[in-house]
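Visitor: Right, I'll just put the structure down here and ask away after.
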Amino acid sequence: MLHTVNKSPFEKNALESCLSHAVEGASILLIEDGVYAALGGTSTAARMAEAAKRFKVFVLGPDLAARGMDAGRLVEGVGIVDYEGFVDLVAEHPTSQAWL
Amino acid sequence: MDEMESGVVKKFMFVNRKAPYGTIYALEVLEMVLISAAFDQDVHLAFVDDGVFQLKKGQDTKALGQKNFSPTYRALDGYDIEKLYVEAESMAERGLTEADLLVPVEVLSRADMGALMNEMDVVLTA
């Protein structure tokens, strides 16, 4: 299963709900305002660091760049994909779930 | 004669609570701020919660295909809008410091921000 999350973790509980439902080894792609969940040094960083050990976590690079964030600010274990990588993730997984 | 024509100046505050790009709120508030500049009012901008992300340096929207409106915050002083306030706790929760911001601002505690909001005649929040 591929999960996508597009909401800020500081504003909505979409990520929290996703992390509580996803099964071990699932892929989680953070897009749009969801990319803020991947930043280190925040009040949610520890939760994400722990999640990155149980799941494959990615952020969408163009959404990260639009918000003025670079790879150096990400929590360890989080990967960056571009739009082609997004398509690859969708193609690799039989099902996708969007946590809006 | 209405208040605008008689030269009554009110304290306006625009409170930004949303991150840029994910929703249209940040851009819409910025448009309102620019319009308000035409009315010679005492304009204040507050950035709290995810609104602090609007002022993050280095925004690059090329790959996104959306307009990068962040340089506009730097142009606001040209419209005599110079009262920008950012909440310290909101920045800290999001791993940001004043060095991450693209304009000079006054950093206020949450309590001081609340007190400042309370002094306003008009408050618009998005």
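The values are calculated or read from the model by the stated rules, or taken from the named source; none is laboratory data. Since the structure is predicted, the reported quantities are computational estimates derived from the model, not experimental observations. Cβ placement follows ideal geometry from the backbone for every residue including glycine, while neighbour counts extend to all protein chains displayed.
Visitor: Checking the conditions here, which among A:Leu39, A:Leu60, A:Leu89, A:Leu64 is hydrophobic (A, V, I, L, M, F, W, C) and more than 12 Å from chain B (Cβ to nearest Cβ)?
Guide: On the way: A:Leu39 fails: more than 12 Å from chain B (Cβ to nearest Cβ); A:Leu60 fails: more than 12 Å from chain B (Cβ to nearest Cβ); A:Leu64 fails: more than 12 Å from chain B (Cβ to nearest Cβ).
Criteria check complete, one pass: A:Leu89.
Visitor: On to the next question. Has region B:101-111 got any residue that is in contact with a strand residue (DSSP E or B) (Cβ under 7 Å, 6 or more places away or on another chain), buried (at least 17 other Cβ atoms within 10 Å of the Cβ), at pLDDT 95 or above and assigned to a helix (DSSP H, G or I)?
Guide: no
Visitor: Which one of A:Gly85, A:Gly72, A:Gly68 is out of contact with any Cys (no Cβ under 6 Å at 6 or more places or on another chain) and assigned to a loop (DSSP other than H, G, I, E, B)?
Guide: Numbers: A:Gly85 fails: assigned to a loop (DSSP other than H, G, I, E, B); A:Gly72 fails: assigned to a loop (DSSP other than H, G, I, E, B).
On inspection, the qualifying residue turns out to be A:Gly68.
Visitor: How many residues are buried (at least 18 other Cβ atoms within 10 Å of the Cβ), touching a Gly at 6+ places or on another chain (Cβ under 9 Å) and without any contact (Cβ under 8 Å) to a residue 24 or more places away in the chain if we restrict to region A:65-79?
Guide: Count: 2.
Visitor: Moving to a separate point now. Does any residue of region A:23-40 turn out to be in a loop (DSSP other than H, G, I, E, B) and in contact (Cβ under 8 Å) with a residue 60 or more places away in the chain?
Guide: Checking region A:23-40: not a single residue is in a loop (DSSP other than H, G, I, E, B) and in contact (Cβ under 8 Å) with a residue 60 or more places away in the chain.
Visitor: Of all residues in region B:39-82, how many are surrounded by 17 or more Cβ atoms within 10 Å (Cβ to Cβ) and away from chain A (no Cβ under 14 Å)?
Guide: 7
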